[in-house]
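Participant: Quick one: the structure is below, and I'll ask about it shortly.
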Amino acid sequence: MGKPVNQRSGLGLLFEGLGTAARDATLGVIGCGLLAVAVNAWLHPNGITLWTDQAYEILVPCPEPGGEVTPMAAQDPRLDDRASFLVDARSQVAYSSWHLAGATNLTFDYLDPTPDEAVQGLARAAARSRAERVVVYGDGEDPDSGEQLAREISARGIKNVFFVRGGAQALQARAGSGP
Amino acid sequence: MRRFVSWSGHAWLALPARGYLAWLFIAACLHKIAHPASFALDIATYDILPVVLVHPLAIGLPWVELVAGLALVLGFRTRAAALAVSGMLVLFMVAIAIALAKGLDLSCGCFASQALEQDPISGWTLVRDAGWLALSLYVALFDRNPLGLDRWLVVRRQNG
């Protein structure tokens, strides 16, 4: 029972009843857990298994490149004119296998930013070619490496950057060759 | 201090704190209840718990948040609900502190299983959560005769 209220210290009064509250909280958590398991098992359309021993493939998202870019269709005639400086964002292997004539390879890495010297080299090459626009194409996946690289180089100062919707797959289909 | 602790105005001061915390936790839990797989991925990304505990936590935690939030709103077992909220906030803060110490760059998974830019964690996340923890501890320690169902039940018991 303890001391009467008017004899308890402030601190004692402060913590009075906390034991009961802690007990209620514990019982509540257990009850909620049981309710959750039941709902997950029998009612939830997107329920997950209670146990898993398979490790998750954790992809820690990198900060999204944030520059402004314009999408371009794979059939766009501007892809063939001299005013477009073409960039292939895929791996060296993919680039060696197939690439648009005149395209420069600059592989986009989802985990690390493109090195400064690579972006500066790209800018210098585009300027030397007297191109009016930089057109990037990638793998056409979701997310598209071409769009990601386009946003990154746009965010780092390169102007008039486009990316090809559908990437290399769409371009190869346009050219009539298989993926 | 005794007078301060037993001051009847705490019930009124705690009311907006209860409402705010309830809104926070109910808003936070709905997406997690609807998409447990996505929330499980968020938990796993912190890389703290053994993998066998990820799913039970992803399934159970949102419901604890929901019920605690509702209890705060209704004023039912208010101090217990505030204690549960405090416990959860301590857990979240520990997890975020560990993630920050590891240098992980990830969504806190607090309000949605979305990309980093939507809800990035930082030291300010810890400050924010500490503020919420202070509110919940205030309710747990000082709201001794909370407005709501608890008080109604007490009165009913006294009259009955």
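The values are calculated or read from the model by the stated rules, or taken from the named source; none is laboratory data. This one's a predicted model, so the numbers in the text were calculated from it and none came from an experiment. Reconstructed Cβ throughout: ideal geometry from the backbone, glycine too, with neighbour counts over all protein chains shown. Areas reflect the complete protein model, heavy atoms only, side chains present, ligands, DNA and RNA absent. Shrake-Rupley method; radii C 1.70, N 1.55, O 1.52, S 1.80 Å.
Participant: In degrees between 0 and 90, to the nearest 10, how far off the longest principal axis of chain A does helix A:18-42 point, with axes built from Cα atoms?
Facilitator: So the inclination is approximately 50 degrees.
Participant: Have a look at the DSSP beta bridges in the protein assembly as shown and tell me what percent are antiparallel, nearest 5.
Facilitator: DSSP beta bridges in the protein assembly as shown are roughly 5 percent antiparallel.
Participant: What FRET efficiency would be calculated for the residue pair B:R151, B:D47, taking the C-beta separation as r and a Förster radius of 45 Å, to the nearest 0.05?
Facilitator: Approximately 0.50, to the nearest 0.05.
Participant: May I pose another question? For chain B, compute Rg over Rh where Rg is the Cα radius of gyration and Rh is the Kirkwood radius from the inverse mean 1/r over Cα pairs.
Facilitator: 1.04
Participant: What does the charge dipole of the protein assembly as shown about its Cα centre add up to, to the nearest 20 debye, if the Cβ of each Lys and Arg holds +1 and the Cβ of each Asp and Glu holds -1?
Facilitator: Roughly 1880 debye for the protein assembly as shown.
Participant: Give me the percent relative contact order of chain B, please, defined on Cα pairs under 8 angstrom at least 6 residues apart.
Facilitator: Reported relative contact order: 33 percent.
Participant: May I pose another question? Per residue, how much accessible area does the protein assembly as shown show when a 1.4 Å probe rolls over the protein heavy atoms, in square angstrom?
Facilitator: Heavy-atom accessible area per residue stands at 54 Å².
Participant: Now a separate question. List the relative contact order of the range A:43-155 as a percent without decimals, with contacts defined as Cα pairs under 8 Å and 6+ residues apart.
Facilitator: 36
Participant: Under the rule a/c < 1.5 gives rounded, and otherwise a/b versus b/c splits prolate from oblate, where does the range A:104-179 land using the Cα gyration tensor?
Facilitator: Oblate shape, in that a/c is at least 1.5 and b/c is the bigger or equal ratio.
Participant: Any idea how far the Cα center of the range B:124-160 sits from the one of the range B:1-79, in Å?
Facilitator: If we compute the Cα centre of each part, the gap is 13 Å.
Participant: Where the only charges are on Cβ atoms (+1 Lys, Arg; -1 Asp, Glu), what is the dipole of chain A about its Cα centre, to the nearest 20 debye?
Facilitator: 420
Participant: Determine the shielding of peptide B:89-100 by partner chains: average, over its residues, the number of Cβ atoms on other chains within 10 angstrom of each Cβ.
Facilitator: Per residue, the number of nearby Cβ atoms from other chains is 0 on average.
Participant: Based on C-alpha coordinates, I'd like the Rg and Dmax of the protein assembly as shown, in Å.
Facilitator: Expressed in Å, the Cα Rg and Dmax of the protein assembly as shown come to 28.3, 92.
Participant: Just tell me how shielded B:137-144 is by partners: mean number of partner chain Cβ atoms within 10 Å of each residue's Cβ, no decimals.
Facilitator: Averaged over the peptide's residues, the number is 2.
Participant: DSSP H helices in chain B with Cα extent of 30 Å or more along the helix axis and mean Kyte-Doolittle hydropathy at least -0.5?
Facilitator: Passing helices, by number: B:10-34, B:51-74, B:78-102.
Participant: Further, regarding this structure: In the range B:1-83, if every C-alpha pair distance is counted and binned at 10 Å from zero, what percent goes to each bin?
Facilitator: It works out to 18, 36, 27, 13, 7, in whole percents.
Participant: Could you list the square roots of 5 times each eigenvalue of the Cα gyration tensor of chain A, that is, the equivalent ellipsoid semi-axes, sorted largest first and rounded to whole Å?
Facilitator: 60, 23, 13
Participant: Among A:141-152, B:148-159, A:15-26, what's the highest-first ranking by average C-beta atoms within 10 angstrom per residue?
Facilitator: A:141-152, A:15-26, B:148-159
Participant: Right, next: Between the range A:148-162 and the range A:59-130, what is the C-alpha centre distance in whole Å?
Facilitator: 9
Participant: Build a GNM of chain B with springs between Cα atoms under 10 Å: which of B:V64, B:V127, B:V90 gets the top mean-square fluctuation?
Facilitator: B:V127
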